[in-house]
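These notes are about the structure you will find just below.
The values are calculated or read from the model by the stated rules, or taken from the named source; none is laboratory data. From a predicted model like this one, the values you see are computed outputs, not experimental measurements. Glycine also receives a Cβ, built like all others from the backbone with ideal geometry; neighbour counts cover every protein chain displayed. Calculation scope for accessible area: heavy atoms of the full protein, side chains included, ligands and nucleic acids excluded. Shrake-Rupley method; radii C 1.70, N 1.55, O 1.52, S 1.80 Å.
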Amino acid sequence: MPVPFADLQLQYQTIKREIDAAIAGVIRDSAFIRGRYVDDFERKFAEAVDVKHCVSCANGTDALYLAMAGLKVKPGDEVITTAHSWISTSAMITHAGATVVFCDTDGSAFTIDPAAIEAAITPRTVGIIPVHLYGQPADMDAIMAIARKHKLWVIEDCAQAHLARYKGKMIGTFGEAATYSFYPGKNLGAMGDAGAVVTNDAVLAEHMTMLARHGGLMKHQHRIEGINSRLDGMQAAILSAKLPHLPAWTKARQDAARIYDVGLNQLEDVIVPQVAPERSHVYHLYTIKHPHRDALAAHLSANGVQTAINYPTALPFLAAYERFGHRPEQFPNAFADQGRILSLPMFAEITPEQQGEVIDLIKAFEMKNGLKKLQHGR
Ligand SMILES: *Cc1c(COP(=O)(O)O)cnc(C)c1O
């Protein structure tokens with residue numbers, strides 16, 4: 001029985017009636033762009049993640065741009081972010097006009113190392129973008145202490161961590177603003193592109209709303225030059241239908257993670273995700289470390305199990321950042337991790353049987369490798 005990496009069709013089947021009704025409603029009302037479905041989702045999502053304002057937009061990448069433009073980032077500014085993320089985080093720093101400064105990860109949680117942030121600060125630093133990678137919050141106490149000390153803003157990239165908490169407090173409520181992606185595969189996913197930026201600052205929220213709507217709040221009153229980044233009514237209605245299910249889906253991911261933890265922890269070569277104290281992990285991805293990652297991935301693939309590498313090249317070493325001339329020694333954890341991380345199948349509807357199959361295949365791989373080691377010894 002093949003095990004997919006994720007199964008969006010399966011999730012749709014469990015809530016088909018709600019989704020179909022939501023889509024039909026938008027078509028009936030011709031509420032394709034903006035309108036009440038969008039307003040409704042913004043209100044519900046803000047409530048779900050404990051913030052006052054939600055500014056919806058076209059995707060999680062635009063959300064990062066809108067947050068930085070809203071905070072008036074300008075050329076010459078430096079913005080610090082993690083070496084281990086999806087490229088949107090760093091690319092939008094550049095597109096907002098600032099200079100990207102990468103920091104290494106902490107070596108266990110895959111999130112930015114606060115000590116590295118402190119070392120990277122210069123008189124030109126204006127802000128920090130921690131990423132709650134794979135669904136685990138970054139070390140927000142340490143990051144906020146550094147931000148306060150140096151008077152920097154913080155934008156939390158929550159694209160992979162809907163409903164995750166740090167010391168009981170919802171992520172996305174620590175900094176000036178926080179960004180979300182509702183890309184179909186994310187923990188809360190639309191049926192197309194969608195995103196949002198949230199904040200408790202009413203002035204910032206209004207400014208970001210203008211930026212996303214051609215620079216104005218009213219038609220033909222362009223107070224600034226903005227962009228066109230709209231959430232469409234169909235995606236908003238779909239997201240509103242899915243949102244009430246998110247807590248249960250999150251719990252299902254966490255339960256599935258426990259099954260992997262128990263099944264894989266005993267294996268010598270496998271390092272399961274390490275969750276730091278007082279952080280809730282929502283497992284957008286369940287990513288292990290393995291010294292023979294490529295051979296293990298090939299073994300799983302040959303036996304029908306899909307895996308992924310998130311991400312095969314850490315940001316500083318991508319061709320897009322060649323201009324910085326970064327070296328592996330500057331980011332030892334991110335560099336080591338790019339060669340040993342492997343994301344296993346993870347979705348709310350995954351069954352214990354499917355997980356058992358993945359675990360058994362990894363055990364079989366370990367046995368084979370162990371035997372090879374013995375033969376070498378002879
Ligand atoms: C998915 C993702 C984004 C971008 O979101 P899109 O909706 O795909 O534009 C940004 N940051 C991180 C960490 C992500 O995982």
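Among the helices (runs of 4 or more DSSP H) contained in segment 272-378, which hold 3 or more residues that are over 24 Å from Tyr183 (Cα atoms) and among the β-branched types (Val, Ile, Thr)?
Ranges flagged: 352-377.
Pick out, from segment 32-151, the helices (runs of 4 or more DSSP H) lying fully within it that include 3 or more residues that are within 15 Å of the ligand (Cβ to nearest atom) and either at pLDDT 95 or above or open to solvent by 10 Å² or more (accessible area, probe 1.4 Å) (or both).
Because the criterion is at least 3 residues that are within 15 Å of the ligand (Cβ to nearest atom) and either at pLDDT 95 or above or open to solvent by 10 Å² or more (accessible area, probe 1.4 Å) (or both), the helices (runs of 4 or more DSSP H) in segment 32-151 that meet it are 60-70, 88-95.
Just for segment 249-269: of the residues that are assigned to a helix (DSSP H, G or I) and open to solvent by 100 Å² or more (accessible area, probe 1.4 Å), which one is farthest from Leu344 (Cα to Cα)?
Lys251
Of all residues in segment 174-196 being aromatic (Phe, Trp, Tyr) and either more than 8 Å from the ligand (Cβ to nearest atom) or surrounded by fewer than 24 Cβ atoms within 10 Å (Cβ to Cβ) (or both), which is farthest from the chain's Cα centre (by Cα)?
Phe174
Mind listing whichever residues of segment 197-210 are surrounded by fewer than 24 Cβ atoms within 10 Å (Cβ to Cβ) and either of a type in the set (A, V, I, L, M) or part of a helix (DSSP H, G or I) (or both)?
Result: Ala202, Val203, Leu204, Ala205, Glu206, His207, Thr209, Met210.
In segment 155-173, which residues are within 12 Å of the ligand (Cβ to nearest atom) and either among the polar types (S, T, N, Q) or in a strand (DSSP E or B) (or both)?
Ile155, Glu156, Asp157, Gln160, listed by residue number.
State whether the residues of segment 348-357 include one that is in contact with a strand residue (DSSP E or B) (Cβ under 7 Å, 6 or more places away or on another chain), surrounded by 15 or more Cβ atoms within 10 Å (Cβ to Cβ) and among the hydrophobic types (A, V, I, L, M, F, W, C).
No - not one qualifying residue is present in segment 348-357.
Tell me, which residue of segment 16-31 that is open to solvent by 60 Å² or more (accessible area, probe 1.4 Å) and not charged (D, E, K, R) is nearest to Thr209 (Cα to Cα)?
Ser30
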